Structures are given as structure tokens and as C-alpha cells.
Amino acid sequence: MTKLWGGRFTGELDAELRRFSSSLPFDRRLAAFDVQGGRAHAAALRDAGVLDEDEMRALATAFDRIEEEIAAGTFPPQAEGDELPEDVHSAVEARLVELCGETGRRIHAGRSRNDQVVTDLLLWLREKSERVESEIRELQFALVDAAEAHESVVIFAYTHLQRAQPVLLAHHLLAHFEALDRDVDRLRDARSRADRCPLGAGACAGSSLPLDRGRTAERLGFARVAENSLDAVSDRDWALEFVSACAIALDHMSRLAEEIVLWSSGEFGIVTLDDAWCTGSSMLPQKRNPDVAELVRGKAARVHGHLMALHSLIKGMPLAYNRDLQEGQEPLFDAADATEGCARMLAGAIASAVFHEPAADAADMSAATDLAEELVRRRVPFREAHERVGRLVAACEAGGRGLADATDEELAAIGLADLDRELLTARGSIAAKKTFGSTAPAEVARALATARERAES
Ligand code: ARG
């Protein structure tokens with residue numbers, strides 16, 4: 001393989017170091033973006049008078065061919081030993097030289113792999129971040145579908161994993177929808193800040209060739225040009241922002257996954273995953289395990305590690321480009337793949353899951369707060385109301401009863417004579433809610449009515 005930097009060297013690169021340092025095993029996924037950037041740079045060289053029209057056409061034809069080879073899966077080729085390119089950029093350039101000889105050797109003027117790699121990565125990021133976003137959107141749609149399909153199912157909300165108040169299942173599922181909506185926002189926000197073209201920054205100081213960087217940015221569909229050549233090649237804050245957005249989205253997905261694990265247990269019995277979305281045990285014949293959800297939790301942990309790796313990589317690096325930066329690619333790619341995959345898997349599991357209302361519990365006390373608020377409506381200070389309902393709860397608990405079994409006398413004794421007994425039940429508690437964003441059926445219906453439209457925007 002022709003080296004990109006042979007002139008001042010007499011010896012060959014150590015074979016082991018070649019293997020150790022090559023990024024081709026992971027940056028091969030940038031090949032199509034390297035071609036895209038290469039085309040824009042060739043056009044800039046033509047505009048600058050460095051390439052003539054014929055040379056430009058020859059390069060364009062060679063780029064077409066390389067694109068076909070990428071699509072066919074034959075480029076970059078699997079190479080080893082002396083043939084192993086240092087990275088995808090070297091591989092593309094070497095192929096250009098193979099395809100159009102001397103003209104191929106003209107493309108790398110006014111360009112360095114330092115501005116080239118960031119350009120490729122930012123082009124990759126734009127596409128990948130949109131794909132991650134659309135998988136998160138699909139997950140949101142799956143949640144909305146499940147919420148709509150189970151609109152009247154009542155479950156319990158927990159605090160401290162202790163039963164707290166009854167809520168509609170739809171309300172609970174829409175809580176996850178909201179969190180994911182902010183994740184989409186974060187991805188978009190990160191994408192807009194990353195929308196700047198580094199090409200033309202060269203190795204670090206720019207180029208003495210009259211390259212029109214604005215025109216190159218336009219050709220590649222970037223909103224603007226990276227302002228400072230040193231910053232353009234050396235910063236990776238866009239990767240930190242994207243991986244942070246992925247890590248936060250995965251925190252949210254992991255919480256949802258944790259609930260699927262809990263809910264699919266015999267103890268909760270709220271969700272049954274479809275056979276296609278759970279796994280069995282090699283030893284325990286009765287098992288149906290929610291591995292899909294556990295893997296989402298596991299992948300979230302792994303992406304936290306990637307975020308930390310990127311922070312550590314960047315924090316002490318002097319300007320401008322340093323080869324350490326190459327080590328940021330795998331965490332970046334893996335974070336993106338994991339986030340996309342988790343959203344997709346959770347959407348599939350939820351779309352085919354069946355949700356159930358938990359069996360009625362004779363000792364249920366979850367309407368206690370509504371009773372206290374009823375006392376507040378009857379002019380009892382809340383602290384006093386809390387006390388009185390607490391006493392009623394204790395009395396019911398001692399008798400192995402739930403609040404619904406409280407006698408009229410017990411209710412009258414705490415100031416709740418003539419209580420509409422519906423308020424003692426989970427459904428009554430839900431129906432009594434009045435505030436915006438609450439689990440009141442009308443509020444949940446309002447949220448459901450707008451959710452789909454919001455996720456389509
Ligand atoms: N594979 C390298 C990377 O990912 C490309 C840039 C190499 N630049 C250099 N001056 N060695 O960072």
C-alpha cells in the first residue's frame with residue numbers, strides 16, 4: 001500500500017505498529033462519507049484552479065466507482081500486513097490512485113486527514129443522529145399505541161417502590177413518552193451545533209491554496225463553516241454532546257426497561273411480552289425471561305462508559321490534532337449503535353406486549369390522599385386531615401381491610417360523613433384529579449390526543 005507520508009522516511013513502519021494503529025477495522029463505516037467529502041474537496045480544488053475540468057471529471061468517475069464498490073461491500077477490501085491501510089482516508093486515496101493514476105495523487109492538496117476525519121465524522125453524525133431520532137420516535141409511537149389500546153387500565157404509581165396512588169396505565173406510559181421527547185430535542189440541539197464544516201482547515205493552520213470554504217460547506221450541506229482552523233480539527237465537543245444525548249436517552253430507556261422487568265414478574269403481573277420478545281431458560285422449563293429489557297439496561301451502562309472515555313480523551317489534549325482522537329471513534333459509533341438498537345428493541349417489545357390491570361387488592365389504601373383532600377375541601381387543614389386519614393388507615397390495616405371497607409361510622413368519625421364511597425376506590429381516586437398533567441381521565445385523553453402529533457413533528 002502506498003504510504004501517505006513516505007518522503008522523509010527511509011525505513012518501513014513496524015508491522016505490529018501498523019496493525020496497532022490502523023483505524024480501518026472501525027472507520028471503514030466512514031467510507032461513503034469520505035467519498036462525499038472528497039467530491040466536495042475536488043470541486044474546491046477545481047474552483048481554485050488546482051485541478052482542471054478533465055482531472056475533476058476523472059476523479060468524479062473514480063468516486064462513482066468507489067461508491068459502487070462500497071454499496072457492493074467490496075470496499076474497503078479486507079487487507080492485512082503491509083497492505084493494511086492506516087485508515088479509511090488512506091484506503092480511499094489509494095483506490096483513487098489505482099483508478100485514475102497521477103490525477104488521484106492531486107486530490108490531497110490543501111487537505112489533511114485531520115480536517116478530513118472530522119468532516120467524515122460530522123457527515124456520519126448528521127445521518128446517524130437522525131436515525132437514532134427516528135427509532136426513538138418509533139418507541140414513542142409504540143408507547144402511545146399501548147396507552148390508547150389500554151386507556152381504561154388502572155395501575156399503581158409508586159414512590160420508594162411503595163404503592164403511592166392509582167394512575168391510568170396510559171398516564172404512566174405517557175410519562176416515558178415525555179422523557180423520550182426531550183431526548184429527541186437534545187439530539188436535534190446537538191445536531192444543530194455540530195452543523196459546521198471543518199474542511200479547508202487543513203492539518204491545523206489552513207491552506208495557502210485559495211479554497212472557498214463557504215462553497216465547500218454548501219456543497220456538503222453544512223449550515224456554516226467552522227470558524228477557527230485549530231478548533232475545527234481538534235475539538236470533539238459535538239461527539240460529547242451527541243453521546244451525552246444518547247446516554248440520557250438510554251437512561252430513560254433503561255428506566256422503562258427496568259419497569260418492564262418488574263412488570264413482567266409474577267409479583268407485578270402487569271405486562272406479558274410476546275413469545276417473540278422474551279427468552280427461555282436452559283434449565284428452568286417454566287421461565288419466560290425479559291432479556292430484551294435487561295440488555296437495554298446493560299447497554300445503558302456501557303454507553304455511560306463511552307461518555308466517560310470521551311471526556312477523558314479530550315480534557316488534557318493540547319491543540320490541535322492528536323492521534324489519541326482516533327480512540328474516540330469506537331465509543332462514538334458504539335454509543336450510536338446501542339441507542340438506535342435499544343430504541344428499536346423496546347419499541348418491538350412494547351408494540352407486541354399485552355398489559356393487564358393488577359388484580360384487585362382487598363387491603364388497598366391508595367386512595368388515602370384523596371380522602372385527605374376531601375377533608376381539605378370540607379375546611380380541615382391538610383396537616384390535620386393527613387393525621388385523621390392516617391388513623392383510619394391504621395384501623396383498616398389492623399383489621400386486614402382496605403379503605404373501601406371503612407364503615408360509614410369510621411368515615412363519619414374522621415369528618416367524612418356522607419362521603420361518596422367511589423372516592424375510596426382506585427377509579428374514584430383517578431376520576432377525582434383536577435390538575436393539568438394529572439392522571440384525570442380527561443387530562444390523559446388530552447395528552448393522548450396531542451402525543452402522536454407532537455412525535456410526528
Ligand atoms: N485515522 C485518523 C483519526 O481517526 C485520521 C487522522 C490521522 N491524522 C494524522 N495526522 N495521523 O484520527
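The values are calculated or read from the model by the stated rules, or taken from the named source; none is laboratory data. Bear in mind that the values here come from a model prediction, so they are computed numbers and not experimental data. Neighbour counts run over all protein chains shown; Cβ positions are idealised from the backbone, glycine included.
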Has the stretch 186-206 got at least one residue that is surrounded by fewer than 20 Cβ atoms within 10 Å (Cβ to Cβ) and within 28 Å of Arg427 (Cβ to Cβ)? no
One residue is enough: does the stretch 91-106 have a residue meeting the conditions closer than 30 Å to Cys197 by Cα, away from the ligand (no atom under 16 Å from the Cβ) and outside any helix (DSSP H, G or I)? yes
Taking the stretch 313-346 as the search range and keeping residues that are within 14 Å of the ligand (Cβ to nearest atom) and of a type in the set (D, E, K, R), which one is nearest to Asn114 (Cα to Cα)? Arg323
Which numbered condition trips up Glu151, out of (1) among the charged types (D, E, K, R); (2) within 15 Å of Ala226 (Cβ to Cβ); (3) at pLDDT below 95? (2)
One residue is enough: does the stretch 74-89 have a residue meeting the conditions under 25 Å from Cys204 (Cα atoms), of a type in the set (A, V, I, L, M) and within 16 Å of the ligand (Cβ to nearest atom)? yes
Within the stretch 107-134, take every residue that is of a type in the set (Asp, Glu) and surrounded by 21 or more Cβ atoms within 10 Å (Cβ to Cβ) and give me the one that is farthest from the ligand (Cβ to nearest atom). Glu133
Return yes or no: is Arg383 basic (Lys, Arg) and within 16 Å of the ligand (Cβ to nearest atom)? no
Within the stretch 243-260, identify whether any single residue is surrounded by 18 or more Cβ atoms within 10 Å (Cβ to Cβ) and outside any helix (DSSP H, G or I), and answer yes or no. no
Tell me the helices (runs of 4 or more DSSP H) entirely within the stretch 1-49 that contain at least 3 residues that are under 29 Å from the mean Cα position of the chain (by Cα) and either at pLDDT 95 or above or over 21 Å from Asp115 (Cα atoms) (or both). 24-27, 31-47
Considering only residues that are without any contact (Cβ under 8 Å) to a residue 60 or more places away in the chain and in a helix (DSSP H, G or I), which ones fall in the stretch 311-340? Ser312, Lys315, Asp324, Glu327, Asp334, Asp337
